[in-house]
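Notes follow the structure.
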Amino acid sequence: MNAYAPILMLGGIALAFAVVSVVIAAVIGPRRPNRAKLEAYECGIEPLPASAGLVQRFPVKYYLTAMLFIIFDIEIVFLYPWAVASDTLGWFGIAAVGLFIVNVSVAYAYEWRRGGLQWD
């Protein structure tokens, strides 16, 4: 347990800092709400007024682009430590990374076939 004490202490400090920051911002922060601040923000698209009676559909392309970024960002985050320690992992490491790359390639091929990479 002594080996994990610094990690737990750092986690506690980070949690305390996050909570204290949110509380301080809520207590001493300026409160000047206006109409623009209270409206829903949806990637720069102007929302329709509620009195219009229409349901506006927001483009999903923004979310697909964000998901693509997350998929490939996580891929790089997982591949970097493997590249550093690849010589000590042996065949098991190569098989694990191969399986991981196959999974990510399937997601990439799916997005490509669905047209997620086209900007028209």
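Would you confirm, using the coordinates I've provided, whether Tyr41 is closer than 30 Å to Gly116 by Cβ, assigned to a helix (DSSP H, G or I), out of contact with any Pro (no Cβ under 8 Å at 6 or more places or on another chain) and modelled with pLDDT under 80? So Tyr41 does not fit the description; no.
Restricting the range 66-100 to residues that are surrounded by 13 or more Cβ atoms within 10 Å (Cβ to Cβ) and β-branched (Val, Ile, Thr), the residue that is modelled with the lowest pLDDT is Ile71. Out of curiosity, is Val27 at pLDDT 85 or above, over 27 Å from Gln118 (Cα atoms), out of contact with any strand residue (DSSP E or B) (no Cβ under 9 Å at 6 or more places or on another chain) and surrounded by 10 or more Cβ atoms within 10 Å (Cβ to Cβ)? For Val27, the condition - at pLDDT 85 or above, over 27 Å from Gln118 (Cα atoms), out of contact with any strand residue (DSSP E or B) (no Cβ under 9 Å at 6 or more places or on another chain) and surrounded by 10 or more Cβ atoms within 10 Å (Cβ to Cβ) - is not met.
On inspection, Gly11 qualifies as modelled with pLDDT of 85 or more and surrounded by 11 or more Cβ atoms within 10 Å (Cβ to Cβ).
The values are calculated or read from the model by the stated rules, or taken from the named source; none is laboratory data. Only a predicted model underlies this, so the values are computations on that prediction, with no experimental measurement involved. Cβ coordinates were reconstructed from backbone atoms using ideal geometry, including for glycine residues, and neighbour counts include every protein chain displayed.
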